[in-house]
Protein chains: 2
Amino acid sequence: MAHKSDIEIARAAQKRPIQEIGAKLGIGSDHLLPYGHDKAKVSQEFIDSVADRPDGKLILVTAINPTPAGEGKTTTTVGLGDGLNAIGKKAAICIREASLGPCFGMKGGAAGGGYAQVVPMEEMNLHFTGDFHAITSAHNLLAAMIDNHIYWGNALGIDERRVMWRRVLDMNDRALRDVVTSLGGVANGFPRQTGFDITVASEVMAILCLSKNLADLEARLGDIIVAYTRERAPIYCRDIGAAGAMTVLLKDAMQPNLVQTLENNPAFVHGGPFANIAHGCNSLIATQTALKLADYVVTEAGFGADLGAEKFMNIKCRKGGLAPSVVVVVATVRAMKMNGGVAKADLGAENVDAVKAGCPNLGRHIENVKGFGVPVVVAINHFVTDTDAEVQAVMDYVAGHGSEAILCKHWAEGSAGVIEFATRVAEIADAGIANFAPLYDDDLGLFEKIETIAKRIYRADEVLADKKIRDQLRAWEEAGYGNLPVCMAKTQYSFSTDPNLRGAPTGHSVPVREVRLSAGAGFVVVICGEIMTMPGLPSKPAAMTIGLNDAGEIEGLF
Amino acid sequence: MAHKSDIEIARAAQKRPIQEIGAKLGIGSDHLLPYGHDKAKVSQEFIDSVADRPDGKLILVTAINPTPAGEGKTTTTVGLGDGLNAIGKKAAICIREASLGPCFGMKGGAAGGGYAQVVPMEEMNLHFTGDFHAITSAHNLLAAMIDNHIYWGNALGIDERRVMWRRVLDMNDRALRDVVTSLGGVANGFPRQTGFDITVASEVMAILCLSKNLADLEARLGDIIVAYTRERAPIYCRDIGAAGAMTVLLKDAMQPNLVQTLENNPAFVHGGPFANIAHGCNSLIATQTALKLADYVVTEAGFGADLGAEKFMNIKCRKGGLAPSVVVVVATVRAMKMNGGVAKADLGAENVDAVKAGCPNLGRHIENVKGFGVPVVVAINHFVTDTDAEVQAVMDYVAGHGSEAILCKHWAEGSAGVIEFATRVAEIADAGIANFAPLYDDDLGLFEKIETIAKRIYRADEVLADKKIRDQLRAWEEAGYGNLPVCMAKTQYSFSTDPNLRGAPTGHSVPVREVRLSAGAGFVVVICGEIMTMPGLPSKPAAMTIGLNDAGEIEGLF
């Protein structure tokens, strides 16, 4: 058959009214705040009313290190959710919201693909239910109040050179990375150098995604360190008096969004913290709500398992008291070939040896995830060019590592393509063999936490950090932040800090360039390499070809 | 009885589902895109389907020059709408959306007051249906694409010193008024001085409020002049290739929002262009839609009649082919006293002489509005401290000027307090005595248009403008912009450009400080005095006391 594009498939979706989707989970329509006919937020009253119910089984979908070949993590999350429903299980999926800014740079940003998508796809990639706009407003209100405090006398004694809180926009705009504000004279304040990040990189986003409820949200917002005095004493958001108003701005954004898959199964799409400098997971409140309403909840983590699953386990599960029953590692034959040294242009030709050469990347992720005490299933996300011999090579490799790999055709067939896979995942989840534990205890030192991840996940020999960084970590321990987890920021393309080092490298070092305290979100960001927190647009941005066609449909977005 | 606060009254509202409100106007629920249970957008399909219907009667509510005593223009708009419905007329109201930023500076921002309010009041003052966020995104996308164009080689030859397009945020943030962007080296572009305005001041906002439909919107966005070359040739938004993507971002924002009054009558709340540098009216598409659905449409204009009604008539009516059947000028006894020289602290005491002394301000507004060929009714918006003698003084004055004034008690009593008023307004509208015409023709010269307004509305002796400004106006005429209306930007507190000159001054001059071309919106902004396009926060911003109480209700916003 002729393949349809993702957007053609999404537009042909037979969507059901969102009230019907909510009813599948027992959410009454009075507890669904509609945004159009196909999106809704779940009321806090309803969430509170199910707090005492037992949790369903949590299934994490993660992946090998991403390559330009694509691995299909969100697509597999959606496909597995549909597959579980197709075999008679009550399942929901939990994925992240898309960022608006990057949609105008490169085409893409869809929620899944092929016949494993979440809809309404266009709205989800544009304003959706306004959550990210609310985060932008809350973040920038705090910024305005900081400068306003300084303007009106600076009673707190903020050192203008040490204001840590930047501003944000959900836009790819390199011109805003580094700016000087408050020019133009006395009435505009005290000039100082600062900048803008993209909204998903805001600590407010990370906080929203880790907060249990609105009271927790407000407390965490208050904990944000916004600046320091000349004596290096921290100034908190609560000192500025902004936490209450920020909470008001985020009141609706805290409520999980319910949408549906192409097969009309429930999907919670909520939160989207930057997977580099934050933990990169769907919101805790969405995942916890889904666990109360469904027997199986399928969710994803950012990037490959070395970054995404590690943060999911060590940050989100730790803070939320979650424990996955089974982890799916997504791999593709094409990505294995790239890990095995094949260039993207040559991926079309059968190359079983390259597949075998790339498999150690997959193998190490399997080992790592098992290190958290959780069973692993590998999903081979099928591409039309894959040959049987190539697929078999992956299966054999995985079997040789004491795990199992299952071929999945959800992209082309929807749930019909993942019946075996969904059945097996459910069996493993039901078997209760997981014995989850985070990789390190709260009371381990901050530097030792970094070392633990570097050695046990990245398989590095050592962590390199100069005295200034070690002193900073010790200072935070003395200030009472030593019990926080660490949030690693490094390239997603390699286990190492060198993005070109594919496969399963060993013997490398992890240099720590900088550490940042996200006191509100509750983690220490450990930066190992260049981290760009405000993207730019390419020379021919997608925006130049985005528009409405004569039928009023959006063209060029996908 | 003990008076309740606006927010207490609003919270006690017996709201009906928005589908019921839509049904009153014949809008089927499939054509109402819900945002929660009490807000909805009207579909473009429905708007298109009623395009051939005859229009209802248009009623404009305007006011005397605003004073710190308050005049209650929105309150009267709502009260009159409810009053018309109470006497059995099919009426809808059309008002503007509130800006988010100022809510965090000073308390306030409610939509009406007392028993003449539109609900849901809190959402309307926060994110509402996201229209302003969409405008912020569209505006800033264009800004990012301009800098991106320069970054990637500047094929259009933009003079970086002559980029006219700033950025916007819906936030009171003085630190952003004047900034230098693109610092930090080669990867961040070419440093240049620019700044941020508040979102309502964006030309995108003005365009959205004057566009007939999405195609018109896209064409107008394309017409925006974003920069000039070294040779002073204009660079348009369409040259940058941004108009299509901006239209996609504004697709939903273009649809009018339907909410309800406390008495469950339909209210379209849509658009909110800055009444200083734009025309300050509810969107054309909302007003036109309401006119197709109701027999009477009550709408408001910004500030006093010298600014707001003038722009409503000369800009909005001209561009939209609208013609008001009757104009209501709102006055209060207290504001008359202030115009008569009484200080705010002394407003409580009866002072009939001061009322009489202030009435010429009202009288001139009546004369001015009549100059557009439209009959006038004065609404005396009653305050509890008003004495009968004071009210009678206003009535006598208005009668002496060949018009009529009616005492209105909608604030305290809702529609029951405006039965006489609503009846009389409907009679005048039905009498068909209006013979509306804008004050000047399209083909009058730009400077002559300014003079016409200055002399006939402000009653100034002359317009002062130096050669540079006159040359600029002539250059625009030669470039084909001579047929545009002018959008006056001056203080709202006086007919003159001196905010302290109350009453009905004569013999003054109108100095033009600057002129700006809003080629997309389609007017020339004429700045007569200081215009602040990015407000600041006060020393104790309202945000410091805004928060959620234990019941989850918002405190401190009103």
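The values are calculated or read from the model by the stated rules, or taken from the named source; none is laboratory data. Worth saying up front: this structure is predicted, and the values here are computed from it rather than measured. We place every Cβ from the backbone using ideal geometry, glycine too, and count neighbours over all the protein chains shown.
Before moving on, here are some points about what is shown:
- Check on residue A:199, at the interface with chain B (Cβ under 10 Å from one of its Cβ atoms), of a type in the set (Ser, Thr, Tyr) and in contact with a strand residue (DSSP E or B) (Cβ under 8 Å, 6 or more places away or on another chain): no
- Residues of region B:443-463 that turn out to be outside any loop (DSSP other than H, G, I, E, B) and out of contact with any Ser or Thr (no Cβ under 7 Å at 6 or more places or on another chain), as a count: 12
- Check on residue A:52, under 30 Å from residue A:328 (Cα atoms), free of Cβ contacts under 8 Å to residues at least 24 places away in the same chain and not β-branched (Val, Ile, Thr): yes
- Test result for residue A:223, more than 27 Å from residue A:180 (Cβ to Cβ) and more than 14 Å from chain B (Cβ to nearest Cβ): yes
- Condition broken by residue B:230, with the remaining ones in (1) basic (Lys, Arg); (2) in contact with a strand residue (DSSP E or B) (Cβ under 9 Å, 6 or more places away or on another chain); (3) crowded, with 17+ Cβ neighbours inside 10 Å satisfied: (3)
- Residue A:150 buried (at least 18 other Cβ atoms within 10 Å of the Cβ), under 22 Å from the mean Cα position of the chain (by Cα), part of a helix (DSSP H, G or I) and not assigned by TED's automatic domain parsing to the domain that holds residue A:522: no
- Filter pass, residue A:273 being assigned by TED's automatic domain parsing to the domain that holds residue A:308, in contact with a Ser or Thr (Cβ under 9 Å, 6 or more places away or on another chain) and surrounded by 23 or more Cβ atoms within 10 Å (Cβ to Cβ): yes
- In summary, residue A:229 fulfils each of the numbered conditions (1) β-branched (Val, Ile, Thr); (2) more than 22 Å from residue A:516 (Cβ to Cβ); (3) out of contact with any helix residue (DSSP H, G or I) (no Cβ under 9 Å at 6 or more places or on another chain) with the single exception of condition (2).
- Selection count where residues are within 13 Å of chain A (Cβ to nearest Cβ), of a type outside the set (Asp, Glu) and assigned to a loop (DSSP other than H, G, I, E, B), scope region B:157-174: 4
To keep it simple, each residue is scored yes or no on (1) within 17 Å of the chain's Cα centre (by Cα); (2) of a type in the set (Gly, Ala, Ser).
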position: B:165; (1), (2): no, no
position: B:169; (1), (2): no, no
position: B:172; (1), (2): no, no
position: B:181; (1), (2): no, no
position: B:189; (1), (2): no, yes
position: B:192; (1), (2): no, no
position: B:201; (1), (2): yes, yes
position: B:210; (1), (2): yes, no
position: B:217; (1), (2): no, no
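- In region A:1-89, counting only strands (runs of 3 or more DSSP E) that sit wholly within it, the ones holding 2 or more residues that are more than 14 Å from chain B (Cβ to nearest Cβ) span A:57-63.
- Scanning region B:402-420 for residues that are out of contact with any Leu (no Cβ under 7 Å at 6 or more places or on another chain), among the hydrophobic types (A, V, I, L, M, F, W, C) and either surrounded by 19 or more Cβ atoms within 10 Å (Cβ to Cβ) or free of Cβ contacts under 8 Å to residues at least 40 places away in the same chain (or both) yields a total of 5.
- Residues located in region A:251-267, provided they are part of a strand (DSSP E or B) and in contact with a Phe, Trp or Tyr (Cβ under 7 Å, 6 or more places away or on another chain): A:257, A:258
- Positions within region B:543-556 being small (Gly, Ala, Ser) and within 8 Å of another protein chain (Cβ to nearest Cβ), in sequence order: B:543, B:547, B:552, B:556
- In region B:527-558, the residue that is surrounded by the most Cβ atoms within 10 Å (Cβ to Cβ) out of those that are in contact (Cβ under 8 Å) with a residue 24 or more places away in the chain and among the small types (Gly, Ala, Ser) is B:543.
- For region B:496-526, filtered to residues that are out of contact with any helix residue (DSSP H, G or I) (no Cβ under 7 Å at 6 or more places or on another chain) and either surrounded by 19 or more Cβ atoms within 10 Å (Cβ to Cβ) or within 14 Å of another protein chain (Cβ to nearest Cβ) (or both), the residue that is modelled with the highest pLDDT is B:525.
- When residue B:21 is tested against (1) surrounded by 15 or more Cβ atoms within 10 Å (Cβ to Cβ); (2) without any contact (Cβ under 8 Å) to a residue 12 or more places away in the chain, just one condition goes unmet, and that condition is (2).
- Considering region B:192-245, the residues that are of a type in the set (Lys, Arg) and assigned to a helix (DSSP H, G or I) include one that is nearest to residue B:48 (Cα to Cα), namely B:220.
- Residue check for residue A:345: farther than 25 Å from residue A:523 by Cβ and free of Cβ contacts under 8 Å to residues at least 60 places away in the same chain: yes
- Positions within region B:316-362 being of a type in the set (Val, Ile, Thr) and within 17 Å of the chain's Cα centre (by Cα), in sequence order: B:327, B:328, B:329, B:330
- Count of region B:175-186 residues which are hydrophobic (A, V, I, L, M, F, W, C) and more than 7 Å from every other protein chain (Cβ to nearest Cβ): 1
- Condition check for residue B:168: at pLDDT 95 or above, of a type in the set (A, V, I, L, M, F, W, C) and buried (at least 24 other Cβ atoms within 10 Å of the Cβ): yes
- Reported count of residues in region B:104-116, each being at pLDDT below 90 and within 14 Å of chain A (Cβ to nearest Cβ), is 3.
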